[in-house]
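The values are calculated or read from the model by the stated rules, or taken from the named source; none is laboratory data. It should be emphasised that the depicted structure is a prediction, and the values quoted were computed from it without experimental measurement. Heads up, the Cβs are rebuilt from the backbone with ideal geometry, glycines too, and the neighbour counts pull from every protein chain shown. With ligands, DNA and RNA removed, areas are computed over all heavy atoms of the protein, side chains included. Shrake-Rupley method; radii C 1.70, N 1.55, O 1.52, S 1.80 Å.
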There are 2 protein chains.
Amino acid sequence: MQPGKAGARKRTASKGPRRAPRATKPARSPPRTASGAKPARAKPLALGDLSRLLGYSIRRAQLWIFREFSRQLAAFEISPAQFSVLCVIDANPGVNQLAVAQLLSIERAGLGRLVDHLEGRGLVRRTASAINRRYYVLYLTGAGMALLERLRPAVGASDKALAAKIGPRAYKNLQRALSTFVEDA
Amino acid sequence: MQPGKAGARKRTASKGPRRAPRATKPARSPPRTASGAKPARAKPLALGDLSRLLGYSIRRAQLWIFREFSRQLAAFEISPAQFSVLCVIDANPGVNQLAVAQLLSIERAGLGRLVDHLEGRGLVRRTASAINRRYYVLYLTGAGMALLERLRPAVGASDKALAAKIGPRAYKNLQRALSTFVEDA
(Lines give C-alpha, C1' and ligand atoms only; values in the text may rest on other atoms or scores of the structure.)
Protein backbone atom coordinates (compact mmCIF):
# COMPACT_ATOMS: atom_id res chain seq x y z
CA MET A 1 0.00 0.00 0.00
CA GLN A 2 1.61 3.21 -1.13
CA PRO A 3 1.32 6.38 0.87
CA GLY A 4 -1.19 8.59 -0.90
CA LYS A 5 1.19 11.09 -2.41
CA ALA A 6 -1.00 11.77 -5.38
CA GLY A 7 -4.73 12.33 -5.51
CA ALA A 8 -4.77 14.53 -2.44
CA ARG A 9 -5.70 17.72 -4.21
CA LYS A 10 -8.68 18.50 -2.02
CA ARG A 11 -7.55 17.38 1.37
CA THR A 12 -4.70 17.98 3.72
CA ALA A 13 -2.47 15.15 4.80
CA SER A 14 -3.66 15.34 8.37
CA LYS A 15 -7.29 15.25 7.42
CA GLY A 16 -7.30 12.55 4.80
CA PRO A 17 -7.73 8.89 5.63
CA ARG A 18 -4.30 7.49 6.43
CA ARG A 19 -4.76 3.81 6.86
CA ALA A 20 -6.34 1.21 4.69
CA PRO A 21 -8.13 -1.48 6.67
CA ARG A 22 -6.77 -4.88 5.65
CA ALA A 23 -8.13 -8.40 5.48
CA THR A 24 -11.32 -9.63 3.96
CA LYS A 25 -13.87 -7.98 6.21
CA PRO A 26 -15.30 -4.81 4.76
CA ALA A 27 -13.75 -1.56 5.86
CA ARG A 28 -15.55 0.49 8.43
CA SER A 29 -18.47 2.31 7.00
CA PRO A 30 -21.56 3.82 8.57
CA PRO A 31 -24.66 1.65 9.00
CA ARG A 32 -26.79 2.06 5.95
CA THR A 33 -30.30 3.38 6.06
CA ALA A 34 -30.92 0.57 3.68
CA SER A 35 -34.17 -1.11 2.94
CA GLY A 36 -33.63 -4.50 4.50
CA ALA A 37 -29.85 -4.51 3.92
CA LYS A 38 -27.70 -5.71 6.79
CA PRO A 39 -25.10 -3.35 8.20
CA ALA A 40 -21.87 -3.09 6.20
CA ARG A 41 -19.93 -4.94 8.89
CA ALA A 42 -21.89 -8.12 8.42
CA LYS A 43 -21.56 -8.62 4.68
CA PRO A 44 -19.34 -7.65 1.79
CA LEU A 45 -20.15 -4.66 -0.35
CA ALA A 46 -22.68 -5.11 -3.11
CA LEU A 47 -21.34 -4.93 -6.66
CA GLY A 48 -24.56 -3.55 -8.09
CA ASP A 49 -24.72 -3.65 -11.89
CA LEU A 50 -21.17 -5.03 -12.03
CA SER A 51 -22.26 -8.43 -10.75
CA ARG A 52 -24.21 -9.02 -13.97
CA LEU A 53 -21.51 -7.84 -16.40
CA LEU A 54 -19.28 -10.47 -17.92
CA GLY A 55 -16.81 -7.72 -18.77
CA TYR A 56 -16.34 -7.15 -15.04
CA SER A 57 -15.69 -10.86 -14.37
CA ILE A 58 -13.09 -10.93 -17.10
CA ARG A 59 -11.38 -7.87 -15.67
CA ARG A 60 -11.27 -9.51 -12.22
CA ALA A 61 -9.87 -12.72 -13.69
CA GLN A 62 -7.22 -10.76 -15.57
CA LEU A 63 -6.14 -8.89 -12.42
CA TRP A 64 -5.92 -12.19 -10.51
CA ILE A 65 -3.80 -13.74 -13.25
CA PHE A 66 -1.41 -10.79 -13.42
CA ARG A 67 -0.93 -10.97 -9.65
CA GLU A 68 -0.31 -14.70 -9.81
CA PHE A 69 2.08 -14.25 -12.73
CA SER A 70 4.00 -11.53 -10.89
CA ARG A 71 4.23 -13.74 -7.82
CA GLN A 72 5.60 -16.68 -9.80
CA LEU A 73 8.05 -14.52 -11.71
CA ALA A 74 9.10 -12.18 -8.90
CA ALA A 75 12.63 -13.61 -8.82
CA PHE A 76 13.16 -12.81 -12.50
CA GLU A 77 11.88 -9.22 -12.39
CA ILE A 78 9.85 -9.81 -15.53
CA SER A 79 6.38 -8.31 -15.98
CA PRO A 80 3.62 -9.96 -18.01
CA ALA A 81 4.17 -7.41 -20.80
CA GLN A 82 7.93 -7.99 -20.86
CA PHE A 83 7.39 -11.73 -20.98
CA SER A 84 4.98 -11.43 -23.88
CA VAL A 85 7.47 -9.33 -25.85
CA LEU A 86 10.24 -11.87 -25.24
CA CYS A 87 7.91 -14.65 -26.47
CA VAL A 88 7.01 -12.83 -29.68
CA ILE A 89 10.64 -12.02 -30.49
CA ASP A 90 11.58 -15.62 -29.73
CA ALA A 91 8.90 -16.93 -32.09
CA ASN A 92 9.72 -14.35 -34.80
CA PRO A 93 13.45 -13.57 -34.86
CA GLY A 94 14.07 -10.26 -36.62
CA VAL A 95 10.50 -9.10 -36.07
CA ASN A 96 9.65 -5.46 -36.73
CA GLN A 97 9.25 -3.54 -33.46
CA LEU A 98 6.06 -1.87 -34.65
CA ALA A 99 4.54 -5.21 -35.54
CA VAL A 100 5.17 -6.39 -31.98
CA ALA A 101 3.40 -3.30 -30.64
CA GLN A 102 0.42 -3.99 -32.89
CA LEU A 103 0.26 -7.70 -32.16
CA LEU A 104 0.30 -7.16 -28.40
CA SER A 105 -1.75 -3.93 -28.40
CA ILE A 106 1.03 -2.14 -26.56
CA GLU A 107 1.16 1.58 -27.23
CA ARG A 108 4.19 2.37 -29.40
CA ALA A 109 6.06 4.62 -26.98
CA GLY A 110 5.43 2.18 -24.17
CA LEU A 111 6.87 -0.66 -26.20
CA GLY A 112 9.87 1.52 -27.05
CA ARG A 113 10.59 1.95 -23.34
CA LEU A 114 10.02 -1.72 -22.70
CA VAL A 115 12.47 -2.72 -25.44
CA ASP A 116 14.98 -0.14 -24.16
CA HIS A 117 14.76 -1.88 -20.81
CA LEU A 118 15.16 -5.39 -22.23
CA GLU A 119 18.07 -4.19 -24.37
CA GLY A 120 19.67 -2.58 -21.32
CA ARG A 121 19.46 -5.91 -19.53
CA GLY A 122 21.15 -7.60 -22.47
CA LEU A 123 18.13 -9.74 -23.31
CA VAL A 124 17.20 -8.20 -26.67
CA ARG A 125 19.22 -6.86 -29.59
CA ARG A 126 17.66 -4.08 -31.68
CA THR A 127 18.99 -3.13 -35.10
CA ALA A 128 17.75 -1.12 -38.06
CA SER A 129 16.04 -3.33 -40.62
CA ALA A 130 18.26 -4.28 -43.57
CA ILE A 131 15.23 -3.88 -45.84
CA ASN A 132 13.95 -0.55 -44.60
CA ARG A 133 16.14 1.39 -42.24
CA ARG A 134 13.16 3.28 -40.86
CA TYR A 135 12.20 0.17 -38.95
CA TYR A 136 13.77 -1.55 -36.01
CA VAL A 137 13.99 -5.30 -35.92
CA LEU A 138 14.42 -7.33 -32.76
CA TYR A 139 16.28 -10.48 -31.79
CA LEU A 140 16.75 -12.30 -28.51
CA THR A 141 20.35 -12.44 -27.36
CA GLY A 142 21.79 -15.66 -25.99
CA ALA A 143 21.02 -14.30 -22.51
CA GLY A 144 17.46 -13.54 -23.61
CA MET A 145 16.96 -17.07 -24.86
CA ALA A 146 18.45 -18.52 -21.69
CA LEU A 147 16.20 -16.37 -19.50
CA LEU A 148 13.10 -17.34 -21.48
CA GLU A 149 14.02 -20.97 -20.97
CA ARG A 150 14.18 -20.37 -17.22
CA LEU A 151 10.90 -18.43 -17.24
CA ARG A 152 8.92 -21.20 -18.89
CA PRO A 153 8.37 -23.38 -15.81
CA ALA A 154 7.34 -20.36 -13.72
CA VAL A 155 4.92 -19.18 -16.38
CA GLY A 156 3.56 -22.69 -16.70
CA ALA A 157 3.05 -22.73 -12.94
CA SER A 158 1.04 -19.52 -13.08
CA ASP A 159 -1.25 -20.96 -15.75
CA LYS A 160 -1.56 -24.17 -13.72
CA ALA A 161 -2.57 -22.11 -10.68
CA LEU A 162 -5.34 -20.66 -12.81
CA ALA A 163 -6.48 -24.13 -13.87
CA ALA A 164 -6.44 -25.23 -10.24
CA LYS A 165 -8.48 -22.22 -9.19
CA ILE A 166 -11.27 -22.62 -11.70
CA GLY A 167 -11.12 -26.38 -12.34
CA PRO A 168 -9.97 -28.28 -15.43
CA ARG A 169 -13.34 -28.22 -17.17
CA ALA A 170 -13.80 -24.48 -16.78
CA TYR A 171 -10.22 -24.06 -17.96
CA LYS A 172 -11.02 -25.94 -21.19
CA ASN A 173 -14.24 -23.97 -21.64
CA LEU A 174 -12.38 -20.72 -21.20
CA GLN A 175 -9.73 -21.67 -23.70
CA ARG A 176 -12.41 -22.45 -26.27
CA ALA A 177 -14.53 -19.40 -25.51
CA LEU A 178 -11.62 -16.98 -25.61
CA SER A 179 -9.73 -18.35 -28.60
CA THR A 180 -11.47 -15.81 -30.81
CA PHE A 181 -9.71 -12.95 -29.04
CA VAL A 182 -6.32 -14.48 -29.63
CA GLU A 183 -6.99 -15.05 -33.33
CA ASP A 184 -8.15 -11.45 -33.69
CA ALA A 185 -5.11 -10.12 -31.94
CA MET B 1 -1.48 6.46 -32.30
CA GLN B 2 0.52 8.97 -30.31
CA PRO B 3 3.71 10.48 -31.68
CA GLY B 4 6.57 8.75 -29.91
CA LYS B 5 7.47 11.46 -27.46
CA ALA B 6 8.65 9.06 -24.82
CA GLY B 7 10.75 5.97 -25.12
CA ALA B 8 13.22 7.54 -27.54
CA ARG B 9 16.17 7.58 -25.20
CA LYS B 10 18.50 5.81 -27.58
CA ARG B 11 17.48 7.20 -30.91
CA THR B 12 17.07 10.58 -32.54
CA ALA B 13 13.68 11.69 -33.77
CA SER B 14 14.81 11.64 -37.39
CA LYS B 15 16.23 8.16 -37.14
CA GLY B 16 13.46 6.39 -35.28
CA PRO B 17 10.57 4.73 -37.05
CA ARG B 18 7.91 7.36 -37.60
CA ARG B 19 4.89 5.58 -38.93
CA ALA B 20 3.03 2.57 -37.75
CA PRO B 21 1.75 0.40 -40.59
CA ARG B 22 -2.00 0.05 -40.22
CA ALA B 23 -4.59 -2.57 -41.15
CA THR B 24 -4.55 -6.24 -40.43
CA LYS B 25 -1.67 -7.36 -42.61
CA PRO B 26 1.56 -7.74 -40.72
CA ALA B 27 3.92 -4.82 -40.74
CA ARG B 28 6.93 -5.00 -42.96
CA SER B 29 9.64 -7.19 -41.58
CA PRO B 30 12.56 -8.96 -43.15
CA PRO B 31 12.11 -12.48 -44.50
CA ARG B 32 12.92 -14.91 -41.79
CA THR B 33 15.69 -17.46 -42.05
CA ALA B 34 13.17 -19.70 -40.43
CA SER B 35 13.10 -23.45 -40.54
CA GLY B 36 10.14 -24.05 -42.80
CA ALA B 37 8.30 -20.87 -41.79
CA LYS B 38 6.73 -18.84 -44.55
CA PRO B 39 7.87 -15.25 -45.01
CA ALA B 40 6.36 -12.71 -42.60
CA ARG B 41 4.31 -11.11 -45.37
CA ALA B 42 2.32 -14.27 -46.00
CA LYS B 43 1.11 -14.95 -42.46
CA PRO B 44 0.57 -13.22 -39.16
CA LEU B 45 3.24 -13.23 -36.52
CA ALA B 46 3.58 -16.30 -34.36
CA LEU B 47 2.60 -15.89 -30.71
CA GLY B 48 5.02 -18.53 -29.49
CA ASP B 49 4.44 -19.58 -25.89
CA LEU B 50 1.62 -17.05 -25.55
CA SER B 51 -0.71 -19.08 -27.76
CA ARG B 52 -0.84 -21.80 -25.09
CA LEU B 53 -1.37 -19.53 -22.09
CA LEU B 54 -4.92 -18.99 -20.94
CA GLY B 55 -3.71 -15.90 -19.09
CA TYR B 56 -2.85 -14.35 -22.44
CA SER B 57 -6.31 -15.12 -23.89
CA ILE B 58 -7.93 -13.51 -20.90
CA ARG B 59 -5.79 -10.42 -21.28
CA ARG B 60 -6.76 -10.18 -24.97
CA ALA B 61 -10.44 -10.57 -24.10
CA GLN B 62 -10.18 -7.89 -21.45
CA LEU B 63 -8.54 -5.43 -23.85
CA TRP B 64 -11.24 -6.10 -26.44
CA ILE B 65 -13.98 -5.52 -23.87
CA PHE B 66 -12.46 -2.27 -22.63
CA ARG B 67 -12.27 -1.01 -26.21
CA GLU B 68 -15.86 -2.00 -26.86
CA PHE B 69 -16.96 -0.41 -23.59
CA SER B 70 -15.15 2.84 -24.41
CA ARG B 71 -16.74 2.88 -27.85
CA GLN B 72 -20.25 2.41 -26.45
CA LEU B 73 -19.71 5.00 -23.73
CA ALA B 74 -17.70 7.55 -25.70
CA ALA B 75 -20.52 10.10 -25.60
CA PHE B 76 -20.59 9.99 -21.79
CA GLU B 77 -16.85 10.35 -21.22
CA ILE B 78 -16.93 7.57 -18.66
CA SER B 79 -14.14 5.01 -18.40
CA PRO B 80 -14.67 1.42 -17.26
CA ALA B 81 -13.08 2.27 -13.89
CA GLN B 82 -15.27 5.34 -13.40
CA PHE B 83 -18.34 3.31 -14.27
CA SER B 84 -17.45 0.60 -11.77
CA VAL B 85 -16.99 3.19 -9.01
CA LEU B 86 -20.38 4.74 -9.78
CA CYS B 87 -21.98 1.28 -9.62
CA VAL B 88 -20.46 0.45 -6.24
CA ILE B 89 -21.48 3.79 -4.73
CA ASP B 90 -24.96 3.35 -6.17
CA ALA B 91 -25.26 -0.11 -4.63
CA ASN B 92 -23.77 1.00 -1.28
CA PRO B 93 -24.73 4.58 -0.48
CA GLY B 94 -22.37 6.05 2.10
CA VAL B 95 -19.66 3.51 1.31
CA ASN B 96 -16.18 4.07 2.69
CA GLN B 97 -13.82 5.27 -0.04
CA LEU B 98 -11.10 2.84 1.02
CA ALA B 99 -13.51 -0.06 0.84
CA VAL B 100 -14.30 0.87 -2.76
CA ALA B 101 -10.59 0.88 -3.58
CA GLN B 102 -10.22 -2.57 -2.04
CA LEU B 103 -13.30 -4.04 -3.65
CA LEU B 104 -12.28 -2.88 -7.12
CA SER B 105 -8.51 -3.38 -6.65
CA ILE B 106 -7.89 0.23 -7.57
CA GLU B 107 -4.77 1.71 -6.02
CA ARG B 108 -5.75 4.17 -3.28
CA ALA B 109 -4.22 7.32 -4.78
CA GLY B 110 -5.66 6.44 -8.16
CA LEU B 111 -9.13 6.09 -6.68
CA GLY B 112 -8.65 9.41 -4.90
CA ARG B 113 -8.06 11.11 -8.24
CA LEU B 114 -10.94 9.27 -9.83
CA VAL B 115 -13.33 10.37 -7.07
CA ASP B 116 -11.97 13.93 -7.30
CA HIS B 117 -12.90 13.84 -10.96
CA LEU B 118 -16.39 12.45 -10.38
CA GLU B 119 -16.94 14.97 -7.60
CA GLY B 120 -15.78 17.78 -9.90
CA ARG B 121 -18.36 16.67 -12.45
CA GLY B 122 -21.05 16.78 -9.78
CA LEU B 123 -21.71 13.04 -9.92
CA VAL B 124 -20.45 12.04 -6.47
CA ARG B 125 -20.61 13.65 -3.05
CA ARG B 126 -17.78 12.90 -0.60
CA THR B 127 -18.05 13.62 3.11
CA ALA B 128 -16.18 12.64 6.23
CA SER B 129 -17.75 9.64 7.91
CA ALA B 130 -20.03 10.52 10.83
CA ILE B 131 -18.67 7.47 12.68
CA ASN B 132 -14.98 7.97 12.09
CA ARG B 133 -13.89 11.24 10.63
CA ARG B 134 -10.66 9.72 9.32
CA TYR B 135 -12.70 8.06 6.59
CA TYR B 136 -14.47 9.46 3.58
CA VAL B 137 -17.85 8.15 2.60
CA LEU B 138 -19.36 8.47 -0.84
CA TYR B 139 -22.81 9.06 -2.26
CA LEU B 140 -24.14 9.55 -5.77
CA THR B 141 -25.69 12.95 -6.35
CA GLY B 142 -28.97 13.25 -8.22
CA ALA B 143 -26.92 13.95 -11.36
CA GLY B 144 -24.83 10.84 -10.67
CA MET B 145 -27.92 8.67 -10.36
CA ALA B 146 -29.38 10.17 -13.54
CA LEU B 147 -26.15 9.57 -15.46
CA LEU B 148 -25.92 5.97 -14.27
CA GLU B 149 -29.46 5.43 -15.49
CA ARG B 150 -28.45 6.70 -18.92
CA LEU B 151 -25.26 4.60 -18.93
CA ARG B 152 -27.08 1.34 -18.32
CA PRO B 153 -28.31 0.72 -21.88
CA ALA B 154 -24.86 1.53 -23.32
CA VAL B 155 -23.15 -0.77 -20.85
CA GLY B 156 -25.69 -3.47 -21.58
CA ALA B 157 -24.93 -3.04 -25.28
CA SER B 158 -21.21 -3.54 -24.69
CA ASP B 159 -21.88 -6.79 -22.81
CA LYS B 160 -24.25 -7.88 -25.59
CA ALA B 161 -21.53 -7.20 -28.15
CA LEU B 162 -19.33 -9.57 -26.18
CA ALA B 163 -22.05 -12.23 -26.17
CA ALA B 164 -22.48 -11.77 -29.92
CA LYS B 165 -18.76 -12.10 -30.52
CA ILE B 166 -18.24 -15.34 -28.62
CA GLY B 167 -21.72 -16.86 -28.90
CA PRO B 168 -24.39 -17.36 -26.21
CA ARG B 169 -23.10 -20.73 -25.04
CA ALA B 170 -19.53 -19.53 -24.59
CA TYR B 171 -20.93 -16.48 -22.81
CA LYS B 172 -22.73 -18.73 -20.30
CA ASN B 173 -19.62 -20.88 -19.87
CA LEU B 174 -17.51 -17.82 -19.23
CA GLN B 175 -19.92 -16.48 -16.66
CA ARG B 176 -19.80 -19.77 -14.80
CA ALA B 177 -16.05 -20.23 -15.12
CA LEU B 178 -15.21 -16.70 -13.98
CA SER B 179 -17.72 -16.32 -11.16
CA THR B 180 -15.04 -17.37 -8.68
CA PHE B 181 -13.03 -14.22 -9.43
CA VAL B 182 -15.98 -11.99 -8.72
CA GLU B 183 -16.76 -13.72 -5.41
CA ASP B 184 -13.13 -13.37 -4.37
CA ALA B 185 -13.02 -9.70 -5.28
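Observations, loosely collected:
- Subset of the stretch B:85-108 [open to solvent by 30 Å² or more (accessible area, probe 1.4 Å) and among the β-branched types (Val, Ile, Thr)]: B:Ile106
- When the stretch B:92-105 is limited to residues that are without any contact (Cβ under 8 Å) to a residue 60 or more places away in the chain and within 21 Å of the chain's Cα centre (by Cα), the one that is nearest to A:Leu50 (Cα to Cα) turns out to be B:Val100.
- Within the stretch B:121-128, the presence of at least one residue that is touching a Ser or Thr at 6+ places or on another chain (Cβ under 7 Å) and open to solvent by 50 Å² or more (accessible area, probe 1.4 Å) is confirmed.
- The one condition in (1) more than 7 Å from every other protein chain (Cβ to nearest Cβ); (2) part of a loop (DSSP other than H, G, I, E, B); (3) modelled with pLDDT of 50 or more that B:Gly36 fails to fulfil: (3)
- Among residues of the stretch A:169-178, those that are more than 7 Å from chain B (Cβ to nearest Cβ) and either at pLDDT 90 or above or under 18 Å from B:Ala46 (Cα atoms) (or both), counted: 0
- Complete set of residues in the stretch B:139-182 that are among the hydroxyl-bearing types (Ser, Thr, Tyr) and touching a strand residue (DSSP E or B) at 6+ places or on another chain (Cβ under 6 Å): B:Tyr139, B:Thr141
- Number of the condition not met by A:Arg60 [criteria: (1) modelled with pLDDT under 90; (2) open to solvent by less than 30 Å² (accessible area, probe 1.4 Å); (3) basic (Lys, Arg)]: (1)
- For the stretch A:109-120, a residue qualifies if it is buried (at least 21 other Cβ atoms within 10 Å of the Cβ) and facing chain B (nearest Cβ under 7 Å), and exactly one does: A:Gly112.
- Which numbered condition B:Ile65 misses (of (1) open to solvent by less than 20 Å² (accessible area, probe 1.4 Å); (2) assigned to a helix (DSSP H, G or I); (3) more than 7 Å from chain A (Cβ to nearest Cβ)): (3)
- Hey, A:Ile131 at the interface with chain B (Cβ under 8 Å from one of its Cβ atoms), open to solvent by 50 Å² or more (accessible area, probe 1.4 Å) and β-branched (Val, Ile, Thr) or not: yes
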